[in-house]
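Below is one structure, written out as structure tokens, with a few remarks after it.
The values are calculated or read from the model by the stated rules, or taken from the named source; none is laboratory data. Note that this is a predicted model, so its numbers are computed, not measured. Please note: Cβ atoms are built from the backbone with ideal geometry, for glycine as well, and neighbour counts cover all protein chains shown.
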Amino acid sequence: MQNQYFSPEGLEKLKKELEERKGQTRTDISRKILDARELGDLSENAEYTEAKELQSFNEGRIAELEEIIKNAVVIGPNHKQEVVVVGSTVKVESAHGEQKFTIVGAAESDPAQGFISNESPLGTAFLGRKRDDEVEVRTPSGTMRYRILEIL
């Protein structure tokens, strides 16, 4: 698995999910399995089958989270940067006016909130650019031009 970029808050959220899945979720699922076993014949026991499926999903997610966390690269707020990097917030101007975007890893992207992936066309176009650079990005609705006003 390749490295994924996370803000400190995003990584903390994953760690909390992992802790919850290893603790309370495992306990709840074990309880469901025990309760379902007490109902008798396991071959026709829907509750047991469902609980085992939940257990399987939970264990898969735990393994996935452990791998993600192991390979996570934390991006912090940068002190004034000369070029756009993962973790930078850029203030740009386009035909739609001024906007701010924060370049984040794909797992944390939320374009509606201004968090764009470093792997997206827009994020890729901003990476390595400087203040006053103009950037063209092809979108489904056509080519957009952005001018970088500030790197925050």
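Looking across the range 61-113, the residues that are closer than 19 Å to Leu149 by Cβ and exposed (fewer than 13 other Cβ atoms within 10 Å of the Cβ) come down to Pro77, His79, Lys80, Glu82, Ala95, His96, Gly97, Glu98, Lys100.
Within the range 1-55, the set of residues being within 30 Å of Ser120 (Cα to Cα) and part of a helix (DSSP H, G or I) comprises Pro8, Glu9, Gly10, Leu11, Glu12, Lys13, Leu14, Lys15, Lys16, Glu17, Leu18. Taking into account only those residues within the range 18-52 that are acidic (Asp, Glu) and at pLDDT below 95, which is surrounded by the most Cβ atoms within 10 Å (Cβ to Cβ)? If we take residues in the range 18-52 being acidic (Asp, Glu) and at pLDDT below 95, then Glu47 is surrounded by the most Cβ atoms within 10 Å (Cβ to Cβ).
State all residues of the range 56-88 that are part of a loop (DSSP other than H, G, I, E, B) and either at positive phi or not aliphatic (A, V, I, L, M) (or both); if no residue qualifies, say none. Step through it out loud before you land on a result.
Pass one, the range 56-88, residues part of a loop (DSSP other than H, G, I, E, B): 71, 75-82, 84-88.
If the condition is that a residue be part of a loop (DSSP other than H, G, I, E, B) and either at positive phi or not aliphatic (A, V, I, L, M) (or both), then Asn71, Gly76, Pro77, Asn78, His79, Lys80, Gln81, Glu82, Gly87, Ser88 are the ones that fit.
Out of the residues in the range 81-103 meeting the condition of being in the same structural domain as Asp133 (by TED's automatic domain parsing) and among the acidic types (Asp, Glu), tell me which one is farthest from Lys130 (Cα to Cα). My answer is Glu98. Within the range 110-152, the residues that satisfy the criterion of being within 25 Å of Val74 (Cβ to Cβ), of a type outside the set (D, E, K, R) and either in contact with a Gly (Cβ under 8 Å, 6 or more places away or on another chain) or part of a strand (DSSP E or B) (or both) are Phe115, Ile116, Ser117, Asn118, Ile148, Ile151. Inspection of the range 6-14 finds no residue satisfying the criterion of being over 12 Å from the mean Cα position of the chain (by Cα), loosely packed, with under 13 Cβ neighbours inside 10 Å and either at pLDDT 90 or above or of a type in the set (S, T, N, Q) (or both).
Residues that are in a strand (DSSP E or B), aliphatic (A, V, I, L, M) and under 22 Å from Pro8 (Cα atoms) within the range 89-109 comprise Val90, Ile103, Val104, listed in sequence order.
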